Amino acid sequence: MWNRVHEATYRSRSNREFRSIFLAIVASISVICMLYFHVIESTKPSSQIASHELTQPQTLASAIHLVPSVEFTNGTVAMWRIPDSPKAAVFVAHGCNCRAANFWDKSPSCPDCVGLPEDRAIVLRALSRRFAVLTISSAGKCWSVRKDFRNVKWIIERWVAKYKLEKLPLTALGASSGGYFVSALAAEVRFSSIALMIAEGVFGSTDMPVVYPPTLFVHMPKDLRRAKLIEMNMELLRKKGVRVKEIRCLESPLTPTLLSERIPGLNEEFSVELYELFREKGFVDEKGFMRKDGRVTRWKQAAEERGLLSGKYEWVDHIQEELNLAYGYHEMTSLQADDILEWFEVNMD
Ligand SMILES: *[C@@H]1O[C@H](CO)[C@@H](O)[C@H](O)[C@H]1NC(C)=O
């Protein structure tokens, strides 16, 4: 009897011990795996992006280093990334004075990459929804149909063929000048759908093809003139039987930590100091709304005079982008990235 009880206790104790040893081993293995994958993630070639690292919430997304594959071709540069089992592809066209490098994080393998907060967030969302992402720089400051059309069409088509993406829906997103360009490109490149951001697009009524892809307009109605043109173009497309939709983006207030929340790598103290300076100078109102567009707000001079910018010049463009977006007049925005990708997804057949 005693023996049996003892045996049972012993067995259960040994079970417990076994369980705790087992758990300890599992835990150490997971820690080792996590460390291992962490190292792999930061060193592996960009084409091997794993879906799990992209399906993280925004906070963790800032820890991801977005490293593109890069190719200098036809007098310009193409940067892209293809996720595991891609379900679609998207060509993203930047605005004036911008370039492909803005969409990808600065890293040893891409020292010229900029990683602007909105641009990189769009790429990140697209990759997490298994879109292969291609960015190309315009030949000049802005896109030009004359200078860029033939090259870009060629680069997109070769990229699609080279990476065997022919069977996947091909989509395009263009912001501002990139929006005009994408709207023109869509007349010849077979996109399943397109999204034009802060751009009314160009739809030459005479040379408009019979089949034109569904078009989403993502715009900032504070820009009244453009909102009017978009309304007209939406009507024009509707009359031609083209599916259209619009998403309006409104201004939003700054908060003391908004800049550090949205710009990976920018520290919170700096963000708070800038916000306090903006309040003091009246760049933002008592609710935190920008009084003027970021571009005409003399925030750089003010920050410089206060000595806040020394050693921080690398962040000027990133901050500028967030201030423009907060004002909500004309800027790249990732806030509607999921809506845009959804538009691409529902228009795939
Ligand atoms: C782009 O460059 C390739 C390789 O040099 C060339 O074969 C191709 O014709 C060029 N495309 C255009 C549109 O010029």
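We did not get these values from a lab; they are worked out from the coordinates using the rules stated. Note that the structure is a prediction, hence the values are computed from the model and not measured. Here Cβ is always computed from backbone atoms with ideal geometry, including for glycine, and neighbour counts include all displayed protein chains.
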For Trp104, which sequence-distant residues (separation of 5 or more, or a different chain) have an amide H within less than 5 Å of its own amide H, given hydrogens modelled in the peptide plane? Val114, Gly115, Leu116
Environment charge of Ala302, counting only residues whose C-beta is closer than 14 Å and scoring Lys/Arg +1, Asp/Glu -1: +3
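Quick check: convex hull over the Cα atoms of region 58-123, volume per residue in Å³, rounded to an integer?
On the way: hull volume 7.4 nm³, N = 66.
About 112 Å³ per residue, rounded to a whole number.
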Between Ile247 and residues 5 or more places away or on another chain, which pairs have amide H atoms under 5 Å apart, with H built 1.01 Å from N, and which residues are they? Phe217, Val218, His219
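Taking every pair of distinct Cα atoms and averaging 1/r, then inverting, what Kirkwood hydrodynamic radius in Å comes out for region 184-284? The partial results should precede the final answer.
Values: mean 1/r = 0.0614 Å⁻¹.
After inverting the pairwise mean of 1/r, the radius is 16.3 Å.
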If the reach is capped at under 17 angstrom between alpha carbons, list the lysines near Lys162, excluding any in the same chain fewer than eight residues apart. Lys87, Lys153
Residues whose modelled amide H sits under 5 Å from the amide H of Ala93, counting only those 5 or more places away in sequence or on another chain, are Leu173, Gly174, Ala175
Whole-Hz ³J(HN,Hα) from phi, Karplus 6.51 cos²θ - 1.76 cosθ + 1.60, for region 90-100, glycine and proline x: 9, 9, 10, 10, 6, x, 4, 6, 10, 7, 4
3J(HN,Hα) from dihedral phi, region 173-179, Karplus parametrisation 6.51/-1.76/1.60, rounded to Hz, x for glycine, proline: 10, x, 10, 6, 4, x, x
I'd like the Karplus ³J(HN,Hα) series for region 239-246: coefficients 6.51, -1.76, 1.60, θ = phi - 60°, whole numbers in Hz, and an x wherever there's a Gly or Pro. 4, 8, x, 8, 6, 9, 7, 10
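Two decimals, Cα atoms only, Kirkwood Rh: what is Rg/Rh over region 258-327? Numbers along the way, then the final one.
Numbers: Rg = 10.9 Å, Rh = 12.0 Å.
Ratio value, two decimals: 0.91.
Give me the count of lysine pairs in region 179-337 whose alpha carbons sit under 13 angstrom apart, restricted to pairs 8 or more positions apart or on different chains.
Lysine pair count for region 179-337: 4.
Report the Stokes-Einstein translational diffusion coefficient (µm² s⁻¹, integer) for region 65-250, Rh taken as the Kirkwood radius over Cα pairs, at 25 °C with viscosity 0.890 mPa s.
Once the numbers are plugged in, D ends up at 148 µm²/s.
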